[in-house]
Amino acid sequence: ETAMGEQTSLSNLPSLAPKHEGAKDLVSLNPLGAEMEKLTSRYEFDEAKVKTIFNAADKDGSGTIEQSELPTVLKQLNLELSSADFSSYCAKIFRKLDADKSGTLSYGEFSEFYHKVLKSEKAQAKHKLGVEKRYGKQAMEQNAENAFKKHDTNKSGSIEKRELKQIFQELEFDLTPAQLHDLINHAFATADKDGSSSLDFKEFKYLWDCCLADDSILRKYKAKVHQRYEKQMAEIEALFALLDADDSGEVSRTELKMSLEHCGYSQEQLDDLFIKYDKDGDGMITLEEFTDMALLENLQKRTAFLLGDKR
């Protein structure tokens, strides 16, 4: 590269092809000479393309690219970034390319970037993926921080279960109240690594990244949750059928006691359970009432051996 920032073309170098009649035939017999001609041609084509892009970006014809001119080139990457992130990206790229810290990009500095990033679709795709992943991670971090601050309503520096409940309610999981209660308990217990009964930012971010970070992650989480409760509902129905000894479609106090007295419950506890979930006070537990009991009291864990015996 000269002091004026111009590249020396390979076409100025002495030709390797012989200067006499039949030279073309000799070149075709000389693999090195033929390959050099191809390289020279390809190099000249690339340089012409670099100059075209460089000149288009150099709107004021100064012979250099200023920071305000670089975004014109970078837009061709079609990066999926917010306006703020794209501006940040352009500024970082400019500082990185401005090797001599002159405040502008010479042809040589820009050419290096072209050959590394813009020359091929493969190179562009690789660069695009890296940039979007990096800025996407930063955006997720910021979104998690914003959600944490928003829902830490008492400004305790942590998320309590009642605050997590508000987040889940806003996300509309399309679950019954008992299922949502069970889901929140499960999610909270999974994230509360230190067992403090509250989530610090690190614990909250773990839950956020796994389940809530963006629409795609949330959709997958919701699908997984619904699959879980479909399976769980089938197990609850099987347990209800087992307890409903007379096939009446309801479970009496006697049937409940006979089935669950061997599952670690005292007679007093079973009486309390029956009264708590016999919501209409008719002396019978319906499948809907039993479903709430199973979810809220974690019956399945204590009665698993009953279904195991039946199967």
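The values are calculated or read from the model by the stated rules, or taken from the named source; none is laboratory data. What you see is a predicted model; the values in this text were computed from it and never measured. Glycine gets a Cβ as well: all are built from the backbone with ideal geometry, and neighbour counts include every protein chain shown. The area values use the complete protein model at the heavy-atom level, side chains included, leaving out ligands, DNA and RNA. Shrake-Rupley method; radii C 1.70, N 1.55, O 1.52, S 1.80 Å.
Things worth noting here:
- Qualifying positions in segment 67-96 - touching a residue at least 24 places away in the same chain (Cβ under 8 Å) and among the hydrophobic types (A, V, I, L, M, F, W, C): LEU70, VAL73, LEU77, LEU79, LEU81, ALA91, PHE94
- Scan of segment 126-140 for residues that are of a type in the set (A, V, I, L, M, F, W, C) and open to solvent by less than 90 Å² (accessible area, probe 1.4 Å), ordered by number: VAL131, ALA139, MET140
- All of (1) surrounded by 18 or more Cβ atoms within 10 Å (Cβ to Cβ); (2) within 30 Å of SER198 (Cβ to Cβ); (3) touching a residue at least 40 places away in the same chain (Cβ under 8 Å) hold for ASN143 with one exception: (1).
- Count of segment 149-185 residues which are in contact with a His (Cβ under 6 Å, 6 or more places away or on another chain) and in a loop (DSSP other than H, G, I, E, B): 0
- Filter pass, ALA178 being more than 21 Å from the chain's Cα centre (by Cα) and aliphatic (A, V, I, L, M): yes
- Residue within segment 170-182 that is touching a residue at least 40 places away in the same chain (Cβ under 8 Å) and more than 21 Å from LEU295 (Cβ to Cβ) present: no
- Listed conditions (1) at pLDDT below 90; (2) open to solvent by 100 Å² or more (accessible area, probe 1.4 Å) are all met by LEU79, apart from (2).
- Filter result for ASP100 (among the acidic types (Asp, Glu), at pLDDT 90 or above and surrounded by 15 or more Cβ atoms within 10 Å (Cβ to Cβ)): no
- All positions within segment 197-208 that are in contact (Cβ under 8 Å) with a residue 24 or more places away in the chain and open to solvent by 50 Å² or more (accessible area, probe 1.4 Å): SER197, ASP200, PHE201
- Those helices (runs of 4 or more DSSP H) of segment 39-148 in which at least 2 residues are within 30 Å of CYS211 (Cα to Cα), considering only elements entirely within it, cover 83-97.
- Restricting segment 239-252 to residues that are part of a helix (DSSP H, G or I) and at pLDDT 90 or above, the residue that is nearest to GLU288 (Cα to Cα) is PHE240.
- Selected residue (criterion: farthest from ASP182 (Cα to Cα)) from residues of segment 279-304 that are open to solvent by less than 50 Å² (accessible area, probe 1.4 Å) and more than 44 Å from the chain's Cα centre (by Cα): GLY283
- Residues satisfying the stated conditions in segment 158-190, i.e. among the acidic types (Asp, Glu) and open to solvent by less than 40 Å² (accessible area, probe 1.4 Å): GLU163, ASP182
- In segment 56-76, residue nearest to the chain's Cα centre (by Cα) [restricted to those that are surrounded by 18 or more Cβ atoms within 10 Å (Cβ to Cβ) and either under 17 Å from HIS127 (Cα atoms) or among the charged types (D, E, K, R) (or both)]: LEU74
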